[in-house]
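The next block holds one structure in the form of structure tokens; read it before the comments.
The values are calculated or read from the model by the stated rules, or taken from the named source; none is laboratory data. Keep in mind that this is a model prediction, so the values were computed, not measured. Note: ideal-geometry Cβ built from the backbone for every residue, glycine included; neighbour counts use all protein chains shown. The protein model used for the area step is the full one, side chains on, heavy atoms only, and it has no ligands, DNA or RNA in it. Shrake-Rupley method; radii C 1.70, N 1.55, O 1.52, S 1.80 Å.
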Amino acid sequence: MKTDGSMTMAQAAGAVASGRTDAEGLVAEALDRTRAIGSYLNCVLQLLDEDALARARAVDQKRNAGEPIGPLGGVPIILKDNIVLDRGRTTCASKMLERYESPFSATVAKKLEAAGAIVIAKANLDEFAMGSSGENSAFGPARNPWDPTRVPGGSSSGSAVSVAARIVPGALGSDTGGSIRQPASHCGVVGLKPTYGRVSRYGLVAFASSLDQIGPITRTVEDAAIMLDAISGHDPHDSTSLNLSPTSCAQTVSRPIEGLRVAVPAGVIDEIAHNGVRTVYQDAINACRSAGAEIVEVALPVFKSGIAAYYLICAAEASSNLARFDGVRYGSRASVAPSQGLEAMYKESRSSGFGPEVQRRIMLGTHVLSSGYYDAYYLTAARARRLIKEAFDAVFRSHGCHVLLTPAAPEPAFRIGEKSDDPLTMYLEDLFTVPANLAGVPAITVPAGVVIEGGVALPVGVQFHAAALQEDTLLRAARMFEREVGFDAQPPAGL
Ligand code: GLN
């Protein structure tokens, strides 16, 4: 059976399990497609071709011998290159880790492999997951398959592109302030950030540990549920991992929610400057209504303070997490004459190893944590974070809403280079995504429509949030919406 990358994860797993297709064929096609279009889109940093083919053959042999191959047996997937594997390199798209080889695999990778999935490649990203466009990669920007002159969003740029371009049906990203959801929205695919603590961070290179969470990027809500079920659950290697069993969302995702109450923040429409995005969001509210949901307007004035709090907290944590990359414990070491001393070696290694955005965050983070400024910046941001969390709790508790609907991003994918000289404008891209990380709640972006920019159709997503640990409700609501909207646009073929 020949495929064209159009199968979902559920379909691919079914095709391999039933013997309609071989895992080897599926993986070989994904590798071919990566070679054919992946290099142009610059979505992949490293192919694990021989290794992936060998693993695929092992799945086929098991199946032929009548042994179980797992719920994702033979399904090709891609990991963002800040998730470690015990083979190949993990670069974080940084010169600092250009040659880094991890001695172990992340828990999420082990779990997906235990479910039978096959990692075929490591995806491009913004360096150390810092960015909203994919342009901060030391190995060049990834391109948006809908319009290759535009960014795919970031920081999980390559993961979103690989799924949108139908190289693989599913990929993992990481989301600290929107890095799964925003690129998914810009690429017309589904992106899920689970509740903080739902998925182990063991083996995810830390950016801002109190916000980081790994999650799936897929083409359908059902596949997001399948992937979440495979990666969630307690992990003793991550002290922030919650002591809970894995989710079983795939079983329930197609069950509609009776009496669904969808919260909509009052005044949020006026915060969307882009006409097309405003229309898609308004249409999404109407789609929820026609699917039978009740729309409840709630006060949630958290977006602007969210951005300020997020960029202080994430920079503070990044400055501490990235201290380990000093050319001694981790990272490439610059060659400096021994007579210049140790400090010169640290300085040179960090100046040449980190790109400009990473250096900016480290400097900002060091400043906000320094004595005399800690109270004014870091503590104020921490207080704002607490208020945001309380505001979310109120939406779900006091108003009894199942989910909250917001835009995913203020505008569609912008042109490569358009915002690179203006960090503040770039940070504002994350307006609608950072509150979920600050509050720790799960959120998902789902394709909702397209806008035409310069004669080209660009996808626009919307975002649902739910209360902490309510992924089941979140995915069921997202599935209802997906069915109602019936988004079936695709990036231009023949890339
Ligand atoms: N765009 C945000 C940032 O640059 C979010 C990044 C992320 O979620 N990893 O920090």
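What whole-number volume per residue, in cubic angstrom, does the convex hull of the C-alpha atoms of the chain give?
139
If you average the sequence gap of Cα pairs under 8 Å that are 6 or more apart and divide by the length of the stretch 2-127, what percent do you get for the contact order?
Result for the stretch 2-127 is 30 percent.
Counting charges near SER241 (Lys, Arg +1; Asp, Glu -1) among other residues having Cβ under 14 Å from its Cβ returns a value of +1.
The listed residues PHE414, PHE104, once ranked by accessible area (1.4 Å probe) with the largest placed first, stand as PHE104, PHE414.
Could you compute the net charge surrounding VAL16? Neighbours are other residues with a C-beta less than 10 Å from the C-beta of VAL16; K and R count +1, D and E count -1. Residues close to VAL16 contribute a combined charge of -1.
Across all C-alpha atoms in the stretch 360-437, the radius of gyration and Dmax reach 16.4, 44 Å. Between GLU390 and PHE104, the modelled labels are 3.9 nm apart [label points 7 Å from Cα along Cα→Cβ]. If I compute solvent accessible area with a 1.4 Å probe over the protein chains, what percent of it on the stretch 226-275 is carbon and sulfur? Ligands and nucleic acids excluded, carbon and sulfur give 50 percent. Working note: 222 nm ellipticity from helices only, DSSP H runs with n ≥ 4, each -39,500 (n - 2.57), summed and divided by the residues of the chain, gives -11000 deg cm²/dmol to the nearest 500. Measuring nothing but how far apart in sequence close Cα pairs (under 8 Å, 6+ apart) lie, relative to its length, the stretch 372-441 scores a relative contact order of 41 percent. Each label point was placed 7 Å from the Cα along the Cα-to-Cβ direction; for GLU50 and SER370 their separation is 5.0 nm.
Surface composition of the stretch 342-495: carbon and sulfur make up 54 percent of the accessible area, probe 1.4 Å. For the chain, the per residue solvent-accessible surface stands at 37 Å², with DNA, RNA and ligands left out and a 1.4 Å probe. Remark: relative contact order (the stretch 373-495) = 27 percent; criterion is Cα-Cα distance under 8 angstrom and separation of 6 or more residues. Placing a pseudo-label 7 Å from each Cα along the Cα-to-Cβ vector at SER339 and ARG324 gives an inter-label distance of 3.6 nm. Which residues does a label at VAL456 reach in the stretch 161-179, if reach means a backbone N under 19 Å from a point 7 Å past the Cα toward the Cβ? Inside the label zone: 161-167.
The Cα-based radius of gyration and maximum Cα-Cα distance (Dmax) for the stretch 1-100 are 14.7, 46 Å. The region of the chain that goes longest without hitting one of the GluC sites (Glu not before Pro) in a DSSP loop, each with at most 13 other Cβ atoms within 10 Å, is 259-495. When nucleic acids and ligands are ignored and a 1.4 Å probe is applied, ARG476 ends up with an accessible area of around 50 Å².
Take the alpha carbon gyration tensor of the stretch 326-378, find the square roots of its eigenvalues, order them as a ≥ b ≥ c, and report rounded if a/c is under 1.5; if not, report prolate when a/b exceeds b/c, else oblate.
prolate
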